[in-house]
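Written out below as structure tokens is the structure these notes cover.
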Amino acid sequence: MSRVGTPGIRPALAPRLDDRKVDRVARDHARRIDSLGNLPAAGMRVIRDVELADGVETPIAHGLGRRATYVRESSPRGAVATGRIEEVRTSDYDADKFVVLKASGWGAAVTIDVQVM
């Protein structure tokens, strides 16, 4: 259980009970809950209402305390044209603290939600 300091599900309590069967069930539940907490999705963060100016690299603080292994944006809001959003990995920003996104071709600033894990 090396999840100290990381976002996500906290480890389950594993009480010792007098009844052996109940104790075994409680410990099994705690083990299973802890295994769910160790899945990558348990550390997922959603950063809401991020505004990206068209053609500008925008750093977004993700709060994971490590490099994001997965970055996904929502459908853009406020676009006047079709464009794309890309993750910029060649920036000077610390990847343990930020993801950098760039919107291109939208014709205006767009607002998105960003999912990181």
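Every read-out reported here was derived from the displayed coordinates using simple, explicitly stated rules and does not represent laboratory data. Source: prediction; values computed, not measured. Reconstructed Cβ throughout: ideal geometry from the backbone, glycine too, with neighbour counts over all protein chains shown.
Rg and Dmax, both from the Cα atoms of the stretch 45-116 and both in Å, are 11.6, 35. With R₀ set to 41 Å, the beta-carbon distance separating Arg10 from Val88 gives a calculated FRET efficiency near 0.75. Which angle between 0 and 90 degrees, to the nearest 10, do you get for helix 20-37 versus the longest principal axis of the chain when only C-alpha atoms count? It is inclined by approximately 10 degrees. Under the rule of at least 5 residues apart or a separate chain, name every residue whose amide H is placed under 5 Å from the amide H of Ala109. Amide H neighbours of Ala109, under 5 Å, 5+ apart: Asp54. Highest-first packing order for the peptide set 50-60, 24-34 is 50-60, 24-34, based on the mean count of other beta carbon atoms within 10 Å. Across the stretch 45-116, C-alpha contacts under 8 Å between residues 6 or more apart give a mean separation that, scaled by the residue count, equals a relative contact order of 52 percent. Stretching the chain fully between Arg66 and Arg27 yields a gain of 11.0 nm (0.36 nm per residue, less the alpha carbon separation). Computed from the C-beta positions of Asp96 and Arg20, the FRET efficiency with R₀ = 35 Å rounds to 0.15.
Each residue of the stretch 52-60 was assigned a 3J(HN,Hα) from its phi angle through the Karplus curve 6.51 cos²θ - 1.76 cosθ + 1.60 (θ = phi - 60°); the sequence is 10, 6, 5, x, 10, 6, 10, x, 10 Hz, with glycine and proline shown as x.
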